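Chemist: My structure is below; once you've seen it, I'll send some questions.
The values are calculated or read from the model by the stated rules, or taken from the named source; none is laboratory data. All of these numbers come straight from a predicted model, not from anything done at the bench. Cβ sites come from the backbone with ideal geometry, for glycine too, and all protein chains shown count toward neighbours.
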Ligand code: SAH
């Protein structure tokens, strides 16, 4: 019999579970605090619960603690890249980025990814499974325990497509922003999607106050199709319509991610076309110099091309930033650390 996924339960569900065990209701609050606030790594830490209850929990419930396999710390900027093992032996990556306004963590939402974006290392070995809310939470909990510092910002931008694991991701967001838990403000949470249109609309209807980041990477449907297979399913126009809907429902400004690939999407004409496309959308564009992965033959745009791309967008009044590259001296791009470890294991 599989164990209960206790870390994925909200306080209400946990209360019902604890009461069904014949325990007093306030025990649920204590347990929730151990799991989500103190981020206990073991039942034995939960000293204000009876030994009997701890024993019962350890037999029936799974605390879902990830095991740190590797950690790389950048000497340049303090970025920390973690590789964690899940209970079934699969591995996921997470990254901590220290900013002056606080610590941001980037988590994975799936083991592998189905989306197959051409420049992305996570796509190469395909998709294995979804992560549970508990497995997403514990990436942050282990990092916070490792550094001893609070995580204040969260980006769901690691391996995986969050909108392809919709229910678990939404439950995770509810848990991580719960005032009784880690209490990360929803305004400090960003979810990045390659553009799964029906899920963007569904997310809009949930009216969370998170930021939605959409990976655009092209100013025309034709170029987008070359880079992102998902564009075959949902056209650029449909994606932008869903973005307008997201803003109308939530009032939250969108972020568009645009990875610049030399000779593919980085011309001045691309910039002008992009500015026109986004003209009526309340948004911010994040330019990402593509991080070349050794399995694919893509090159980073020249510094000059990146600068003039930005200048063009600014001319049209588009808010734009160039993403600062962090952790250049460690396995930087999404999925690279995991891939290296998997190769070593072969
Ligand atoms: N599946 C989600 C989130 C994961 S990827 C999404 O597609 O948005 C996070 C961002 O990094 C996406 O914009 C993705 O396209 C981009 N990305 C992935 N590999 C990259 C690389 N090698 N160089 C630059 N950007 C990359």
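Chemist: Determine whether residue 206 is in contact with a helix residue (DSSP H, G or I) (Cβ under 7 Å, 6 or more places away or on another chain) and more than 27 Å from residue 324 (Cα to Cα).
Modeler: Against the criterion (in contact with a helix residue (DSSP H, G or I) (Cβ under 7 Å, 6 or more places away or on another chain) and more than 27 Å from residue 324 (Cα to Cα)), residue 206 qualifies.
Chemist: Report the residue count in the stretch 5-28 for those that are within 30 Å of the chain's Cα centre (by Cα) and surrounded by 15 or more Cβ atoms within 10 Å (Cβ to Cβ).
Modeler: Looking only at that region, the number is 11.
Chemist: Follow-up question, since we're still on this one. So how many residues does the stretch 176-200 have that are buried (at least 16 other Cβ atoms within 10 Å of the Cβ) and more than 11 Å from the ligand (Cβ to nearest atom)?
Modeler: 11
Chemist: Give 306, 330 a once-over and let me know the one that is within 23 Å of the chain's Cα centre (by Cα) and either assigned to a strand (DSSP E or B) or farther than 23 Å from residue 116 by Cα (or both).
Modeler: 330
For (1) without any contact (Cβ under 8 Å) to a residue 24 or more places away in the chain; (2) more than 14 Å from the ligand (Cβ to nearest atom); (3) more than 15 Å from the chain's Cα centre (by Cα), each residue gets a yes or a no:
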site	(1), (2), (3)
82	no, yes, no
113	no, no, no
119	no, no, yes
169	no, no, no
174	no, yes, no
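Chemist: Okay, next question. Residues of the stretch 247-276 being under 19 Å from residue 196 (Cβ atoms) and either modelled with pLDDT under 95 or away from the ligand (no atom under 14 Å from the Cβ) (or both), which ones?
Modeler: If the condition is that a residue be under 19 Å from residue 196 (Cβ atoms) and either modelled with pLDDT under 95 or away from the ligand (no atom under 14 Å from the Cβ) (or both), then 247, 248, 249, 250, 252 are the ones that fit.
Residue by residue, here is whether (1) touching a residue at least 12 places away in the same chain (Cβ under 8 Å); (2) part of a helix (DSSP H, G or I); (3) under 25 Å from the mean Cα position of the chain (by Cα); (4) buried (at least 16 other Cβ atoms within 10 Å of the Cβ) holds:
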site	(1), (2), (3), (4)
295	yes, no, yes, no
313	yes, yes, no, yes
337	yes, yes, yes, yes
340	no, yes, yes, no
343	no, yes, yes, no
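Chemist: Inspect all residues belonging to the stretch 147-156 and state whether any of them is in a loop (DSSP other than H, G, I, E, B) and at negative phi.
Modeler: Yes, some residue in the stretch 147-156 is in a loop (DSSP other than H, G, I, E, B) and at negative phi.
Chemist: Mind telling me which of the residues 88, 62 ends up being buried (at least 17 other Cβ atoms within 10 Å of the Cβ), more than 16 Å from the ligand (Cβ to nearest atom) and more than 15 Å from the chain's Cα centre (by Cα)?
Modeler: Just one listed residue meets the conditions, 62.
Chemist: Select the helices (runs of 4 or more DSSP H) contained entirely in the stretch 178-269, then report the ones holding at least 2 residues which are within 23 Å of residue 287 (Cα to Cα) and in contact (Cβ under 8 Å) with a residue 60 or more places away in the chain.
Modeler: 221-227
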